[in-house]
Structures are given as structure tokens and as C-alpha cells.
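Since the structure comes first, as C-alpha cells, the remarks are kept for the end.
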There are 2 protein chains.
Amino acid sequence: MSHTIAIDCMGGDYGPAVTVPAAFAFLRGHLEAKVMLVGQKAKIEPFLAAGADCAGRYEVVHADDVVAMDESPTSALKNKKKSSMRLALNLVKDGQACGSLSAGNTGALMAMSRFVLKMLPGIDRPAICPVMPTINGRVYMLDLGANVDCTPEHLLQFGIMGAMLAAALDHNEYPRVALLNIGEEEIKGNEVVKEATLLLKASGLNFVGNVEGDGIYQGEADVVVCDGFVGNVALKTSEGLAHMLAHSLKQEFSRSLFSRLAALVALPVLNRFKARFDPRQYNGASLLGLKGLSMKSHGGADAVAFAHALARAYDAASNQVVERISAKLAELRERQQAIEGAAADEQAEKENA
Amino acid sequence: MSHTIAIDCMGGDYGPAVTVPAAFAFLRGHLEAKVMLVGQKAKIEPFLAAGADCAGRYEVVHADDVVAMDESPTSALKNKKKSSMRLALNLVKDGQACGSLSAGNTGALMAMSRFVLKMLPGIDRPAICPVMPTINGRVYMLDLGANVDCTPEHLLQFGIMGAMLAAALDHNEYPRVALLNIGEEEIKGNEVVKEATLLLKASGLNFVGNVEGDGIYQGEADVVVCDGFVGNVALKTSEGLAHMLAHSLKQEFSRSLFSRLAALVALPVLNRFKARFDPRQYNGASLLGLKGLSMKSHGGADAVAFAHALARAYDAASNQVVERISAKLAELRERQQAIEGAAADEQAEKENA
């Protein structure tokens with residue numbers, strides 16, 4: 001297997017100023033890894049001097065074009081065939097890279113990934129799956145924004161993809177998969193969720209039933225499945241709440257001379273608290289359901305965050321997330337065929353009798 | 001107007017031990033108010049001595065039965081006609097009380113409220129609307145759990161009811177109403193949300209468009225409208241995250257001798273921070289869309305929290321939230337009829353021409 005990650009160096013708010021130093025930091029931590037730095041050579045080169053120790057482990061692949069952060073997916077697909085985003089995906093398709101990472105335009109990345117890498121048979125729509133902290137570990141949640149109005153079958157597919165990602169990244173071969181719902185009882189929730197429950201129960205996954213919103217952070221499951229609308233609301237609401245609390249904590253600690261002194265004393269503790277939930281270490285969401293690995297970094301990522309996403313992409317590829325999803329889908333198809341075959345046999349016997 | 005709140009004293013995890021002292025605390029803060037303490041006399045009486053100063057402003061109304069916390073709404077409706085929950089609602093219906101409050105079984109309260117008080121004409125389903133803190137104020141969010149699979153018309157009705165509640169409780173006559181969505185652009189979101197956007201735009205409410213999950217806590221709107229599934233997930237996810245952060249902050253502050261000392265120094269600041277988001281002050285969710293006021297307290301509420309909910313119920317009733325909703329619905333109906341009338345006239349003219 002290739003040990004190379006193709007990096008769209010031009011994506012994100014800071015481009016090569018972040019992506020290239022992050023690539024070197026990643027290489028220093030992963031001695032068997034290589035990277036391809038895809039983008040405008042003239043803009044990448046100024047940052048290469050800092051990676052002299054990584055010589056021979058990176059390659060610059062020139063790409064003329066750049067997908068703009070506000071470009072429509074359709075326009076990017078049609079007009080940006082020579083963009084860094086597109087070329088990085090081509091390298092995955094051609095087997096020169098085992099995965100790609102971009103901090104660029106999410107909609108365009110989704111459309112291009114789908115077009116270049118193609119869907120796995122048995123998957124209707126790709127999903128975006130980030131990783132999030134819990135009280136005692138982490139959780140994979142999908143879908144986060146790409147799919148609204150999902151069917152029960154889509155939710156089943158998300159469950160399979162999320163479980164295989166957890167297996168690949170956390171070496172957790174039997175991750176607990178749960179459906180996000182508004183009550184733990186099976187009778188609750190909307191129709192789609194009720195039907196998805198039946199499908200997940202029959203899937204052979206380690207399906208643990210429903211979790212409510214608070215269960216996400218309580219570590220009640222390793223994989224939480226929901227449609228893209230609900231997932232996006234849950235994630236963004238969490239970001240908003242965390243921001244409000246952090247802002248207010250800062251306000252309280254700067255209210256008076258006494259509170260500023262208290263902040264000074266408490267600083268090491270507060271910093272440790274902050275580090276524990278530092279979103280940079282959770283950077284790197286997987287686009288799942290494709291025949292190759294495409295990963296998305298937050299657009300505003302700094303070099304630390306981008307390096308975390310690179311490590312995650314590399315881990316997912318090394319632990320063969322795509323092959324795992326593909327194998328699990330094949331297993332389910334066989335199981336389904338066996339069930340249908342048995343039903344047909346029974347029917348035939350009845351007719352003969 | 002009656003200044004009396006009917007209290008289901010038996011509901012919630014603690015019953016009269018919480019509800020009766022809370023009632024007295026409420027009466028002391030609202031000198032023109034009265035309460036009816038509904039429930040089993042023998043269980044209420046031991047707590048009455050502490051309210052000697054409130055004599056003449058409360059009345060005990062005996063109710064034989066109690067709705068169990070795990071009782072099904074159907075069973076409660078059928079078998080608990082003499083329960084404290086039911087009698088409290090009857091007092092509202094009969095005009096002896098201006099509103100009722102219960103910390104009991106939510107499903108049963110919803111079903112009974114609907115059965116006893118009846119729906120307002122023009123409202124299809126009642127909604128649950130709590131109040132939540134934002135970075136610079138508060139926000140009313142609905143629906144929170146009762147209605148999954150909503151239509152665009154339901155979301156419009158939620159917008160109207162939430163706006164009238166904000167007007168009644170915050171004296172904000174033109175509250176900003178927003179739709180919870182996964183992007184601020186109008187083209188985003190599922191079909192229901194897209195159609196609801198059109199209805200809200202034409203409603204005469206101060207509709208400010210879409211907010212994303214993070215906008216809830218950023219104070220981007222005074223009223224946030226969503227279906228019960230999404231709302232429940234957003235609220236519970238927030239509770240889970242807040243719990244995880246509080247738990248971890250405590251952990252960090254108790255990790256070593258130094259951090260415990262730092263906690264001691266920082267305690268006044270941390271307590272002020274905690275007080276700012278103390279969920280007890282946000283207790284009291286309104287069941288809206290009914291011909292009378294029914295309010296729900298958190299089941300685990302203590303006396304402080306229950307007194308907050310009582311004050312909220314009293315404010316909502318005093319500021320005529322039900323009448324406001326009713327008037328706004330009538331206004332919309334007239335506007336709709338005028339539009340339809342004009343269209344019919346135009347059609348008739350065309351046919352005559």
C-alpha cells in the first residue's frame with residue numbers, strides 16, 4: 001500500500017503558510033509516511049526551506065488552479081479540473097496516494113470526491129464523519145451536514161461507515177453504534193428513525209439502540225448515527241454553547257482585580273482544561289462511502305490542527321477504512337441474499353406442496 | 001383577571017416537599033399573587049406551617065389521585081380524572097386560576113392539557129417552549145420534544161406562539177424570530193424548512209431568516225423555531241456538553257494539591273460563572289397553543305427552580321400570552337382572507353371581461 005498522503009496545499013483560510021509546515025510536522029511524527037504537496041509551486045516553495053530534514057519524503061505537484069472558498073460545487077466541478085483539490089483526489093484515484101486532505105470549500109470537495117473517486121457499491125450518498133470528545137473518550141458522529149432528508153437505508157449505511165471508521169482509527173473492532181433519537185425507548189422518534197432501528201438491529205453491527213443528545217458526550221456510544229440536518233444542528237449548537245461558556249468564563253475572570261489575580265493562580269489548571277478539549281486535536285472529518293479516502297480539515301485550521309488531520313487521514317488509510325467498509329457491505333449483501341434465497345425456497349416448496 | 005396559579009403539588013421527583021415551599025417563596029416575591037395547592041391534603045399539610053405569613057393567599061384543593069411519572073398519557077387521561085394534575089388544569093379551564101404549573105410526567109401533562117383546555121383555533125398541535133440563556137440575554141426555542149415530523153404550517157404556528165411568549169415575558173413586542181437551519185442561506189435545509197421560510201416571511205412577524213445551531217447561544221434571535229426532534233436534540237446535546245465541561249473542570253481543579261488551592265482562590269469567580277448559567281433560573285417551559293396556560297417544570301426541580309417556574313407562569317398569564325396568540329392568529333386569518341378575497345375578485349373580473 002502507498003504510504004503517501006496527497007495534500008491540497010491551497011485550501012483553507014491560510015493556504016501553504018499552514019499546510020506546508022503542518023506537512024513537515026506530520027512527517028516528523030510519522031517516519032514511514034510521505035506526502036505530495038499539491039498546489040501552485042511559486043506559493044509553496046517559500047515554505048520548503050523549513051522542511052530540509054524531510055527531504056526525499058515529500059514531492060511538490062504543481063496545480064495551476066485553486067478552488068475558491070465560496071465557489072459553487074457545480075462551478076468547481078466544471079471549471080477547476082486543474083485545481084489543487086482535484087489533482088490531490090486524482091492522485092488517490094491513480095493509487096499514487098493512499099488518501100487526500102483538503103481544508104478547502106466543503107461542498108466542492110464533496111462533489112469532486114464523489115466525481116473522481118466514485119461511490120462504493122451499496123452506498124447511496126457519501127457522509128461527513130468528524131470525531132468529537134466525550135467524557136471518557138471520543139465519538140464518531142455522522143452525517144454532519146451533507147445529507148438532509150435521509151431514508152432509513154441511508155442511516156444504516158452511515159452506521160456501517162461510521163463503525164468501520166471507528167474500527168480503523170481506534171482499533172475498536174466492535175464499536176457501539178447508536179441512533180440519535182429523542183428518547184431511549186424504541187417507540188419514540190420519527191418514522192425514519194423507527195425504521196432505521198430495525199435495519200441496524202439486523203445489520204450484525206454492535207447496535208446499542210437509541211441515544212439522546214446528552215448521550216453523545218456521555219460516551220454512551222462510539223458511533224452516533226443521524227441525518228445531516230440533525231447532526232449539523234447538534235454540532236453547531238455544541239460549538240455555540242462552548243463558545244458562550246468560554247467567553248463568559250473569561251469575562252468573569254477579568255471582572256475585577258481580585259478575579260484577574262485568581263485567573264493568574266488558576267491559569268495552569270484552566271490551560272489543562274482547555275487543552276483537553278482543544279478542537280485542533282479533533283480536526284479531520286472523513287468523507288465516507290467513496291472508493292478512496294478523502295478527508296476534510298476545518299478551513300480555519302492552524303498548522304497544529306492541520307497536522308492532526310493529516311495524522312488522522314494517514315491512520316485511516318493505513319488501517320484500510322475503505323476496504324473495511326467495502327467488505328462489510330459485501331457481507332451484508334450476502335446475508336441479505338441468503339435471507340431472500342431462503343424465503344424464495346420456502347415459497348417454492350409451498351407452491352409445490 | 002384571576003391572579004391565581006394552580007399548582008400540581010404532587011408532580012416531580014419530590015412532590016409537596018419542593019412544590020409547597022416554592023409556592024410560599026413565590027408568594028413572598030409577588031404580593032398580588034395567589035396560589036391553589038392541588039394534591040393530597042395529608043401530604044401537603046406538613047409543609048404549610050412554614051407559610052404562615054402567606055395565610056389567605058393560598059388554598060389547598062384536595063385531589064385523591066396522582067399521575068405516576070412513568071404512566072402512559074392514555075392511561076393518565078382515562079384513569080386519573082381526580083389527579084392533582086387534572087384538577088389543576090380544571091381550575092384554569094373554569095377561570096378560577098390564570099395558569100397552572102406541574103413538574104409531573106410531560107406526556108401526561110401534554111395530553112391532559114390538550115384535553116381539558118382545548119386547542120386554540122388555527123393551531124394544529126401544542127408545542128413546548130422553554131427559555132434558554134444566550135451570550136447577551138435569552139432565547140425562546142420551540143418545539144422541544146412534542147412534535148416530530150412537522151409541516152411548514154406547524155413551524156409557522158410555532159413562530160407565532162414563540163413570538164407572543166417572548167412579547168409577554170420580556171415585554172419585547174417585536175421579537176426576532178428565526179428558523180433553525182443548517183446554513184444561513186435560504187437555499188439550504190430540508191424541504192419543510194424551505195417552505196416554512198416562505199410562510200414566516202409572509203406572516204408579519206419580525207422574521208430574521210435562518211440561524212444555525214451556534215446562533216442560538218450567540219443571541220442572533222429571540223425566538224428559534226424548529227421541529228420537536230431537532231429541538232430536543234439541540235437541547236439535550238447542550239445539556240450533555242455542559243455536563244461534560246463542568247465535570248472536567250471539576251476534575252482538573254481537584255487533580256493535585258496545587259489545583260485544589262487554585263480552586264479555592266478561584267471559587268468566588270467560578271461560583272459567579274456557575275450562577276450566571278444556573279439552569280434553575282430557566283426552569284418553566286410553556287405548553288403553547290391551548291386556550292389556557294399550562295406550564296411544565298423540570299421533574300428534578302428544587303424549590304428555587306420551581307419558584308422560578310411559578311414566577312414565569314404568573315408573568316405569562318399576567319401578560320396574557322394566550323390572548324396574544326389568539327389575537328395574532330385572528331389577524332393572520334383576516335390577512336389570509338383578504339388575500340384570498342382579492343384573488344377571487346381578480347379572478348371574477350377576468351371571467352367577466
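The values are calculated or read from the model by the stated rules, or taken from the named source; none is laboratory data. Computed from a predicted model, the values in this text were never measured in an experiment. Note that we place each Cβ from the backbone using ideal geometry, even for glycine, and neighbour counts take in every protein chain shown. Side chains are part of the model used for accessible areas, which takes the heavy atoms of the whole protein and leaves out ligands, DNA and RNA. Shrake-Rupley method; radii C 1.70, N 1.55, O 1.52, S 1.80 Å.
Of note:
- The stretch A:205-228: number of residues that are open to solvent by less than 10 Å² (accessible area, probe 1.4 Å) and either over 11 Å from B:Gly240 (Cα atoms) or of a type in the set (D, E, K, R) (or both): 7
- Residue in the stretch A:208-215 that is facing another protein chain (nearest Cβ under 7 Å) and modelled with pLDDT under 90 present: no
- Residue in the stretch B:168-182 that is touching a Ser or Thr at 6+ places or on another chain (Cβ under 8 Å) and among the charged types (D, E, K, R) present: no
- Selection count where residues are facing chain A (nearest Cβ under 7 Å) and more than 22 Å from A:Gly228 (Cβ to Cβ), scope the stretch B:219-242: 2
- Meets criteria (more than 7 Å from chain A (Cβ to nearest Cβ), more than 16 Å from A:Gly213 (Cα to Cα) and not β-branched (Val, Ile, Thr)) for B:Ala246: yes
- Breaking point among (1) outside any loop (DSSP other than H, G, I, E, B); (2) modelled with pLDDT under 95; (3) away from chain B (no Cβ under 14 Å), for A:Lys194: (3)
- Strands (runs of 3 or more DSSP E) contained entirely in the stretch B:58-150, each with at least 2 residues that are touching a helix residue (DSSP H, G or I) at 6+ places or on another chain (Cβ under 7 Å) and within 14 Å of chain A (Cβ to nearest Cβ): B:131-134, B:137-142
- For the stretch A:44-90, a tally of residues being in contact (Cβ under 8 Å) with a residue 40 or more places away in the chain, open to solvent by 20 Å² or more (accessible area, probe 1.4 Å) and under 13 Å from A:Ser113 (Cα atoms) returns 1.
- Any hit, the stretch A:284-299, residues being open to solvent by 30 Å² or more (accessible area, probe 1.4 Å), touching a residue at least 60 places away in the same chain (Cβ under 8 Å) and out of contact with any Leu (no Cβ under 6 Å at 6 or more places or on another chain): yes
- Candidates A:Arg333, A:Arg312, filtered to the one that is farther than 23 Å from A:Gly145 by Cα, part of a helix (DSSP H, G or I) and either among the basic types (Lys, Arg) or assigned by TED's automatic domain parsing to the domain that holds A:Phe24 (or both): A:Arg333
- Residue within the stretch A:235-245 that is of a type in the set (A, V, I, L, M), closer than 26 Å to A:Leu310 by Cβ, touching a strand residue (DSSP E or B) at 6+ places or on another chain (Cβ under 9 Å) and at pLDDT below 95 present: yes
- Which listed residue is part of a helix (DSSP H, G or I), more than 25 Å from B:Asn232 (Cβ to Cβ), open to solvent by 30 Å² or more (accessible area, probe 1.4 Å) and away from every other protein chain (no Cβ under 14 Å), from B:Ala343, B:Ala307, B:Ala275, B:Ala317: B:Ala343
- Test result for B:Gln251, at the interface with chain A (Cβ under 7 Å from one of its Cβ atoms) and either modelled with pLDDT of 90 or more or surrounded by fewer than 21 Cβ atoms within 10 Å (Cβ to Cβ) (or both): no
- Here A:Leu179 meets the list (1) in the same structural domain as A:Val233 (by TED's automatic domain parsing); (2) open to solvent by 10 Å² or more (accessible area, probe 1.4 Å) almost entirely, failing just condition (2).
- Residue match in the stretch A:151-174 (condition: within 11 Å of chain B (Cβ to nearest Cβ), farther than 22 Å from B:Tyr217 by Cβ and not in a helix (DSSP H, G or I)): no
- Qualifying residue in the stretch A:138-148 (condition: surrounded by 20 or more Cβ atoms within 10 Å (Cβ to Cβ), over 22 Å from B:Gly183 (Cβ atoms), under 16 Å from the mean Cα position of the chain (by Cα) and among the hydrophobic types (A, V, I, L, M, F, W, C)): yes
- Failed criterion for A:Met295 (all others in (1) outside any strand (DSSP E or B); (2) assigned by TED's automatic domain parsing to the domain that holds A:Phe26 hold): (1)
- Of all residues in the stretch A:271-309, those satisfying the criterion of being modelled with pLDDT under 95 and basic (Lys, Arg) are A:Arg272, A:Lys274, A:Arg276, A:Arg280.
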